[in-house]
1. Residue pairs, Cβ under 6 Å, 6 or more apart or interchain, first in the stretch 140-159 and among the hydrophobic types (A, V, I, L, M, F, W, C), second part of a loop (DSSP other than H, G, I, E, B). List them.
2. Return only the number of the condition from (1) in a helix (DSSP H, G or I); (2) more than 18 Å from residue 66 (Cα to Cα) that residue 129 does not satisfy.
3. Within the stretch 51-79, how many residues are under 12 Å from the mean Cα position of the chain (by Cα), over 25 Å from residue 92 (Cα atoms) and assigned to a loop (DSSP other than H, G, I, E, B)?
Amino acid sequence: MINSKPPPSGASGSRESLEPRAYASPACFAHEFEAQLPGEVQFPGEMLRIKGVYDEVGPADGFRLYVGRVLPPRVSRRDKFTDAWMPALAPSAALLKWFRNKPELWPEFSRRYAAEMREQAAALETVRERMRCQRVTLLHAAKLPWMNHVTVLAAILRPG
């Protein structure tokens, strides 16, 4: 089970202090309060997001989960960049060494990483349990936000 820290103080979620823009209709203005930052990916209607570890922490992140084998550069264990760290969900060292961020190897890397994740059913189910009750933000330390293991992991975690 993933342990989480309590919600930050002052995060009541009330809308009284927030005023919608003049052109927004009452039925569709909620999305205006959740700004999406560059490099951030959110799957519509789902409790899953993808962000880099160096991206700004926001209240809409929910439970921040880092899935890397080692801590990213310039980040120490004392930093509050994540709520949990699950290295079991990271690609194997051998797979990362083979891949070396070569775009032409991306399709095969994705297939091999998905095969590795089939052996991590318990860890995947733990994350899915968290997603049922709270938004989960998957954190990565990759230079290319569109070509990293977290995008494959998100596809595996998505229901359906």
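Since every read-out is calculated from the coordinates, none of them should be taken as a lab result. The model shown is predicted, which means the values in this text are computed figures rather than measured ones. Every residue, glycine as well, gets a Cβ built from its backbone with ideal geometry; the counts of neighbours run over all protein chains shown.
1. These pairs meet every condition: 141/53; 141/68; 141/72; 142/148.
2. Looking at each condition in turn, residue 129 falls short on (2).
3. Residues that pass the stated criteria total 2.
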